[in-house]
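Structure, as structure tokens:
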Amino acid sequence: MASQTFSNLYGVTSGAFGASQVLISLQFILWKMLAWTVLAFFQVPNIKDAHDESGNATDKASSDSMAATFINELFSALKQKRMTD
């Protein structure tokens with residue numbers, strides 16, 4: 001049996017869409033490769049506006065909320081993966 005790979009995706013761009021089209025295309029490619037992916041994305045559009053030069057979020061509450069959604073989905077997926085192995 002081939003080993004399975006676990007992948008998660010996040011998009012950081014200078015544009016307004018946060019790499020949304022790229023993430024969907026990458027997820028499709030990973031599925032075709034039988035990679036196990038997390039369904040949630042962590043997208044950061046307009047990275048220069050969303051973070052200062054030190055990498056700190058300019059709107060910490062919004063950034064934390066988006067990150068929490070992604071992290072919760074990631075941990076849930078990891079738990080489900082462990083249960084099926």
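Just so it is clear, none of the values below were taken in a lab; they were calculated from the coordinates. What you see is a predicted model; the values in this text were computed from it and never measured.
Quick notes
- Reachable lysines from Lys60, criterion Cα separation under 17 angstrom, eight or more residues apart if same chain: Lys48
- 5 angstrom amide H check on Trp36, placed H, neighbours 5+ away: Thr5, Phe6, Ser7
- Residue-span extension gain [Ala61 to Asp85] - 0.36 nm each, minus C-alpha spacing: 5.0 nm
- The length gained by stretching the chain between Ser54 and Ser20 to full extension, at 0.36 nm per residue less their Cα-Cα distance, is 9.8 nm.
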